[in-house]
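Take a look at the structure set out below.
The values are calculated or read from the model by the stated rules, or taken from the named source; none is laboratory data. Worth saying up front: this structure is predicted, and the values here are computed from it rather than measured. Backbone-built Cβ (ideal geometry, glycine too); neighbour counts: all protein chains shown. Only protein heavy atoms, including side chains, enter the accessible area calculation; ligands, DNA and RNA are left aside. Shrake-Rupley method; radii C 1.70, N 1.55, O 1.52, S 1.80 Å.
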Amino acid sequence: YDYLIRFSERTSVGNAGIAGSIAGATSKIIVHPLDTVKKRVQSQTFRELGMMSGGRKAAVDAAASTIRKSKPSYDGMSDCIIKIAREEGIQGFYRGLVPSVLKTMAGTGLTFAFFTLTKNTLESIHDNRIAEKERLSLVKDDLSDKKI
């Protein structure tokens with residue numbers, strides 16, 4: 001982000017949004033494999049404990065029994081990493097990457113754009129107040145010089 005916006009004195013909102021989107025996509029691509037492992041271990045626990053209620057519980061139980069037959073259970077993160085690598089290969093760690101990256105790009109880009117918009121607006125207000133105080137000071141100095 002800093003590399004992409006450091007060449008201008010005041011960052012434009014569009015540039016900040018683009019830089020934020022690129023930064024978000026980069027971080028998601030790097031983190032996604034571990035996020036996949038975390039989600040699989042969490043969802044396994046969720047299914048095993050049957051943490052659903054109401055009418056959806058029966059549907060989830062039926063789906064969970066099918067999933068249990070086809071998906072291996074994991075004994076922790078390292079076991080999950082080994083099983084994904086063995087059974088699905090490297091691409092198993094990157095399932096669902098595209099929608100996840102698109103969502104992150106939109107969210108991070110908008111966050112950086114709105115941050116920059118707010119920052120620029122507040123800086124403009126501050127700069128205008130300082131300029132007004134300087135003008136009043138000059139007028140006051142002119143008036144005091146004329147009284148002598």
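List of remarks:
- Residues satisfying the stated conditions in the range 29-42, i.e. in contact (Cβ under 8 Å) with a residue 60 or more places away in the chain and open to solvent by 40 Å² or more (accessible area, probe 1.4 Å): ILE29
- Residue in the range 95-110 that is at pLDDT 90 or above, within 23 Å of the chain's Cα centre (by Cα) and over 30 Å from VAL13 (Cβ atoms) present: yes
- Close pairs (9 angstrom Cβ cut-off, 6 or more residues apart or separate chains): more than 19 Å from VAL41 (Cβ to Cβ) in the range 83-102, surrounded by 10 or more Cβ atoms within 10 Å (Cβ to Cβ) and not polar (S, T, N, Q) anywhere: VAL101/GLY24; VAL101/ALA25; VAL101/LYS28; VAL101/ILE29; VAL101/HIS32; LEU102/ALA25
- Test result for GLY76, modelled with pLDDT of 60 or more and open to solvent by less than 40 Å² (accessible area, probe 1.4 Å): yes
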